[in-house]
1. Evaluate the Debye formula for the chain with equal point scatterers sitting on the alpha carbons, no solvent, and hand back log10 of I(q)/I(0) at q = 0.10, 0.16, 0.18 Å⁻¹, in q order, two decimals.
2. Quote to one decimal, in nm, the extra length available between Leu42 and Val8 on full extension: 0.36 nm per residue of separation minus the C-alpha distance between them.
3. Any idea what angle helix 66-92 forms with the longest principal axis of the chain, computed on alpha-carbon atoms, 0 to 90 degrees, nearest 10?
4. Could I have the simple spin-label model distance between Thr67 and Leu88, label points 7 Å from Cα toward Cβ, reported in nm to one decimal?
Amino acid sequence: MKSLKLLVLAVAVVALTADPIMAAEEGLIRIGKGIGIGLSLLGAGIGLGLIGKGLTESMARQPEFATTIQTGAIIFAALLEGVTLLALLFCLF
């Protein structure tokens with residue numbers, strides 16, 4: 001744990017005392033964008049999985065409300081996809 005704290009401190013000191021010569025290169029910017037895209041897609045996958053899980057559990061518990069539950073799940077999935085696409089656009093530009 002001490003070595004992790006020391007590593008974080010060292011990175012912070014280097015980042016705070018960096019000269020403009022040591023500015024981020026284009027490759028590092030692309031790596032950051034790729035990480036952002038990957039995390040947003042990971043979050044979308046987890047979110048869609050949880051929506052599907054809740055949908056199947058609710059439909060199994062109360063089959064008479066299946067159409068109402070399905071409509072709500074489709075709306076939530078569409079909202080999740082919209083937020084994911086917005087996050088991807090933020091990462092790309």
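1. Results for the chain at q = 0.10, 0.16, 0.18 Å⁻¹ read -0.51, -0.81, -0.90.
2. Computed gain between Leu42 and Val8 is 9.7 nm.
3. 20 degrees
4. If labels sit at Thr67 and Leu88, their model points lie 3.3 nm apart.
No value in this document is a laboratory result; all are computed from the given coordinates. Keep in mind that what you see is a predicted model, and the values were worked out from it rather than measured. With ideal geometry, Cβ positions are generated from the backbone for all residues, glycine too; neighbour counts draw on all protein chains shown.
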